[in-house]
Amino acid sequence: MQGESFYWAHRRSNQMSDKPIYVTQPFLPPLEEFTGYLEQIWKNKTLTNGGPFHQQLEKALCDYLGVEHIALFNNGTIALITALQALKIKGEVITTPYSFVATAHSLLWNGIEPVFVDIDPKTLNLDPSKIEAAITSKTTAIMPVHCYGHPCDVEAIQKIAQRHNLKVIYDAAHAFGVQCDCGSVLKHGDLSVLSFHATKVFNTFEGGAIVCPDAKTKHHIDQLKNFGFVDEITVDVAGINGKMSEINAAFGLLQLNHIGAALGKRKRIDELYRSLLKGVKGIRCLENAGEKVANYSYFPILIEEDYPFTRDELYQILKDHNIFSRRYFYPLISEFPMYKSLYSANPNNLLCALNASKRVLCLPIFPDLNGDEIKKIVSKINFGRKS
Ligand SMILES: Cc1ncc(COP(=O)(O)O)c(C=O)c1O
């Protein structure tokens, strides 16, 4: 760390001249392309309950993602809650503290105790070598997260699950379109849950999905997301309303027409960041975690000891220059009040997660971010030097 004055000089070096750059900006296709879909909805007057666009989107997503069965949802959180219900998960579930809070909340909403296990310092995903020590007689499942769309060590997790007869539900909210050696990463585990929230690489404004291994499981999940109705007069499980509406499904179909171009732009942004940040002392970019096809959903950097500012100082400097990065994931989930008294929330057992949480900064990445904006962001990280 250099002197206070260096920090203040760097902060004062700009006075909010340019337009703000946010960490993300939702991708929206041209408005006129959506009107045809709306006209269809107005014509057939089916607004929800598995209408034609809902059915088309399920099919189109299976084709695009290379999976067999998908159940659409109104958001990823309800999809996570429903996935746990579908597999009748109880007791304790092993999960990561380094994620968005909905991962653990979905467990609490099912009366399940989250058991936090530390992450791998390289991938920032759940560390499989630490899972077995956390298994007790109450453990019924593992809920790992493909953080930033970087695949977990799915083989190692599967072996542990088999050895201990545990279910695996992946929180794959970040992993739309990600492929590893054996195809879609979404095919691993018993179920994988996606989010189509506005901030995600593929968005339906709000939305989500469960990737199911077979038609029977999908049928059961479809029932659960529709209050438990079997037919007009029969309800045989206490379901919820998790249905995606026709407007959201139609928008998803339109988004799919543009997804290739959007992901291509993200890839180029990722490449430009990496080439410009190469050699900036104290800044570490996350490496590939085994993905064959990435989705470039986030651009996290880690601020190391030899960088002249702390992570929070850099966050503030960027903010002073109208650049709004985000500290995903800080604080850790295990630090929130409803979790911090849990035995597994003890920070001494979560040292890698704590370290990453203290050092990480997610830089802006979205399809319309242009080269000049990226150069500006990097020049601020690199103390105003031109790239
Ligand atoms: C890792 C993770 N899990 C779950 C969710 C919840 O998804 P949703 O916002 O669609 O409910 C999100 C993001 O929003 C997320 O980032």
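The values are calculated or read from the model by the stated rules, or taken from the named source; none is laboratory data. Here the structure is a predicted model, which means the values were calculated and not measured. No Cβ is skipped: glycine too gets one built from the backbone with ideal geometry, and neighbour counts run over all protein chains shown. For the accessible areas, the whole protein counts, side chains as well, though only heavy atoms, and no ligand, DNA or RNA atoms are used. Shrake-Rupley method; radii C 1.70, N 1.55, O 1.52, S 1.80 Å.
A compact table of results
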item	result
Tally, over region 185-201, of residues that are more than 10 Å from the ligand (Cβ to nearest atom) and in contact with a strand residue (DSSP E or B) (Cβ under 8 Å, 6 or more places away or on another chain)	8
Pairs with Cβ under 8 Å, 6+ apart, first in region 77-95 and closer than 19 Å to Gln223 by Cβ, second charged (D, E, K, R) and not in a loop (DSSP other than H, G, I, E, B)	Leu80/Asp171; Leu87/Lys167; Ile89/Lys167
Tabulated pairs, region 186-204, first closer than 16 Å to Ala86 by Cβ and open to solvent by 10 Å² or more (accessible area, probe 1.4 Å), second near the ligand (Cβ under 9 Å from one of its atoms) and of a type in the set (A, V, I, L, M, F, W, C), C-beta under 9 angstrom, 6+ apart or interchain	Gly189/Ala172
Tally, over region 111-149, of residues that are crowded, with 17+ Cβ neighbours inside 10 Å, at negative phi and not β-branched (Val, Ile, Thr)	15
Residue in region 172-183 that is farthest from Ala104 (Cα to Cα), counting only those that are open to solvent by less than 10 Å² (accessible area, probe 1.4 Å) and of a type outside the set (Phe, Trp, Tyr)	Val178
Tally, over region 157-184, of residues that are more than 16 Å from the ligand (Cβ to nearest atom), of a type in the set (Gly, Ala, Ser) and either touching a helix residue (DSSP H, G or I) at 6+ places or on another chain (Cβ under 9 Å) or closer than 18 Å to Leu256 by Cβ (or both)	1
Condition met for Asp270 (farther than 15 Å from Glu58 by Cα, among the acidic types (Asp, Glu) and touching a residue at least 24 places away in the same chain (Cβ under 8 Å))	yes
Which numbered condition Tyr298 fails, given (1) over 14 Å from Cys362 (Cα atoms); (2) open to solvent by 10 Å² or more (accessible area, probe 1.4 Å); (3) among the aromatic types (Phe, Trp, Tyr)	(1)
Which numbered condition Ser379 misses (of (1) open to solvent by 20 Å² or more (accessible area, probe 1.4 Å); (2) free of Cβ contacts under 8 Å to residues at least 40 places away in the same chain)	(1)
Any pair with Cβ under 7 angstrom, 6 or more apart, that starts in region 133-145 at a residue that is farther than 13 Å from Leu80 by Cα and touching a residue at least 24 places away in the same chain (Cβ under 8 Å) and ends at one that is open to solvent by less than 40 Å² (accessible area, probe 1.4 Å) and polar (S, T, N, Q)	Ala134/Ser344
Subset of region 66-88 (residues that are more than 17 Å from the chain's Cα centre (by Cα) and farther than 16 Å from Ala102 by Cβ)	Gly66, Val67, Glu68, His69, Ile70, Ala71, Ala86, Leu87, Lys88
Residue in region 213-223 that is within 14 Å of the ligand (Cβ to nearest atom) and either buried (at least 24 other Cβ atoms within 10 Å of the Cβ) or closer than 17 Å to Gly50 by Cα (or both) present	no
The listed residue being more than 21 Å from Gln25 (Cα to Cα) and modelled with pLDDT of 95 or more, out of Arg326, Arg268, Arg311	Arg311
